[in-house]
1. Residue check: is F199 surrounded by 24 or more Cβ atoms within 10 Å (Cβ to Cβ) and not small (G, A, S)?
2. Just to be sure I understand the filter: pairs with C-beta atoms under 9 Å, separated by 6 or more residues or on different chains, first member in segment 410-437 and within 20 Å of S292 (Cα to Cα), second member within 16 Å of the ligand (Cβ to nearest atom) and of a type in the set (D, E). Which pairs pass?
3. So in segment 466-508, with the set limited to residues that are part of a strand (DSSP E or B) and over 16 Å from the mean Cα position of the chain (by Cα), which one is nearest to the ligand (Cβ to nearest atom)?
4. Looking at K343, K248 in this structure, which one is under 30 Å from F186 (Cβ atoms), charged (D, E, K, R) and touching a Pro at 6+ places or on another chain (Cβ under 8 Å)?
5. Which one is farthest from the ligand (Cβ to nearest atom), of the residues in segment 272-292 that are open to solvent by 10 Å² or more (accessible area, probe 1.4 Å) and under 23 Å from T349 (Cα atoms)?
6. I need a count of the residues in segment 165-220 that are in a loop (DSSP other than H, G, I, E, B) and within 22 Å of A50 (Cα to Cα).
Amino acid sequence: LLLLMCSIANSHTGKGQESMEKLIRQNAFERDRFYYDEFPENFGWGTATAAYQIEGGWNAAGKGESVWDDFTHRMPCWFLRNQTGDVTCDSYHKFDDDLAIIKELGLSHYRFSISWSRIFPDGKNTSGPLPDGVRYYNEVINKLLAANVEPMVTLFHWDLPQALQDEFGGFNSSEVVPHFLNYADFCFRTFGDRVKYWFTFNEPYSYCMLGHGLGVSAPGKCVDWLNLSNNFGDRGEGVYYAAHSIIKSHAQAYHIYNNTYRQTQQGQIGITLNTNWVEPSEATDLDHIEASQRSLAFSTGWFAEPIFNSGDYPDVMRWNVGNRSEYYNVNPDRLPKFTKKEKELNKATSDFFGLNHYTSNLIVPCSYYPVDGPTYDSDQVSLSSEKGIFAFLTHKGLSIQWPGSASSWLYQVPWGIRKLLIWIKRTYGDPVVYITENGISEHDYDGLEDDIRVNYYKDYIDEVLKAINEDDVKVKGYTAWSLMDNFEWAEGYSERFGLHWVNFTDPERPRIPKKSASYYKSLAESG
Ligand code: BGC
């Protein structure tokens, strides 16, 4: 049975497989025991942020509007107390304050993103580069390096220039690709003498799902059945088109870096994907395991399979989306096809696996799914199953009680990260992994004594250590989310993920360390 369970995951054999088998047999006491050991020498300790969430200065010095500027201004009622990222932590004017707390934490790395429309206001090379945007990021990079902190730079953390959204429908159209490549090329050329870690896209899954599928995030395109006023009429199409353009953009940006800059700049380039671990509710039941693998294929595999493995989408996506399209007699190319050449170009285009991980889901296969017609969610349901397996449920439908957080979706399941790391090792050819985000939210009134965050980091980071030492997963660095409280997208300032508390009603936006900051500092210091 165990052999079958392992082969179902399209896995590589070796240490990862042994580890997963061992974990399946563990009881809760063995699973949760604290593991004492040290992180490898040169392990990178950092924190992460994103431009729209911390910078403010939304229209400073000629900066163009991004889809998030547009979304928050156009639909204020969508956000608690009409909150926006117009000012947020004001890092655009206060990077020195950020630097001070980065130094105080003793970090070796800092991950931040560049705002595309601060460099090219309408996203195209004809509109820039804006000198002030270039100055700002040069200063950030230079000051970090002077403080012995390695910059890790994300090119796209969801803030597409609005002009490209207006003209092309954003990533819904592949016409955006050359503009992304121009922007990426400019950044490599301008900052790459000093930046040695590049991330093309942050969490394309979330951008496509939340922005082009559900419509709860910018650019706010959503499915019919939600019946929102900004309805784009997406019937499980736009969400796949957006992902398709993003994968093409990523792969081509990788090749630009590889062919033109790598030799002289000696850096690395990759992508950051987000994944919840999906735990089968019956660990040894094949139907449950298959449901878990299907869910992982639709989330992580959607991007990782083209980039790390075959160059194309996972078979189960092709099969399920194809079947449902036929059943409903809709566009058979909703999940677009890559040409042979594109598949070759997609393959092996990430020097590492950038992983954002926060939580896990528990899954059961079941025989009912509430949505009729093709949508990204209903596409995951197998129409053809002989066993009546149709859908996934998360833990919410089950009796399991995992401790929560201020975010409805975030439950604390430390062992989930270890299983996920083993799964990534087995499924994607044992890549080097950078954990580019991990963290927990509290409510805005929870204050500085954030024991919940101290415990979360203690337990999650210990599971990462187990994965490194006991399962041979090549995790080389960890950047906690987040350096400080910031604009948490559709949740505004009501959910705080920071190691530092920010007073958003004080014009000075002081950054005040929480208890977790001193805990994280002690980790970074001890290695
Ligand atoms: C995103 C961050 C976000 C965090 C917490 C990640 O999905 O990359 O921008 O703030 O999760 O929700």
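1. Taking the combined requirement at face value, the residue satisfies it.
2. Once the first residue is within 20 Å of S292 (Cα to Cα) and sits in segment 410-437, its partners that are within 16 Å of the ligand (Cβ to nearest atom) and of a type in the set (D, E) give L410/E495.
3. Taking segment 466-508 and keeping what is part of a strand (DSSP E or B), we get 475-481, 495-496, 500-502.
Narrowing the set further to residues that are over 16 Å from the mean Cα position of the chain (by Cα) leaves 475-476, 495-496, 500-502.
On the way: V475: 18, K476: 20, E495: 7, R496: 10, H500: 15, W501: 16, V502: 14 Å.
Top of the filtered list is E495.
4. Within the list K343, K248, the selection yields K343.
5. Only one residue tops the list, namely N276.
6. In the first step, residues of segment 165-220 are kept if they are in a loop (DSSP other than H, G, I, E, B); the result is 169, 173, 192-196, 203, 215-220.
Next, only the ones that are within 22 Å of A50 (Cα to Cα) stay: 192-196, 203, 215-220.
Looking only at that region, the number is 12.
Residue-by-condition table, conditions (1) crowded, with 23+ Cβ neighbours inside 10 Å; (2) small (G, A, S):
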{"residue": "D132", "(1), (2)": "no, no"}
{"residue": "K143", "(1), (2)": "no, no"}
{"residue": "A146", "(1), (2)": "no, yes"}
{"residue": "E150", "(1), (2)": "no, no"}
{"residue": "F171", "(1), (2)": "yes, no"}
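Yes/no per residue for (1) part of a helix (DSSP H, G or I); (2) under 24 Å from the mean Cα position of the chain (by Cα); (3) closer than 26 Å to S516 by Cβ; (4) touching a residue at least 40 places away in the same chain (Cβ under 8 Å):
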site	(1), (2), (3), (4)
Q53	yes, yes, yes, yes
G64	no, no, no, yes
D70	yes, yes, no, yes
F112	no, yes, yes, yes
R118	yes, yes, no, yes
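The values are calculated or read from the model by the stated rules, or taken from the named source; none is laboratory data. Every value quoted in this text rests on a predicted model; they were computed, and no experiment measured them. Note that we place each Cβ from the backbone using ideal geometry, even for glycine, and neighbour counts take in every protein chain shown. Areas reflect the complete protein model, heavy atoms only, side chains present, ligands, DNA and RNA absent. Shrake-Rupley method; radii C 1.70, N 1.55, O 1.52, S 1.80 Å.
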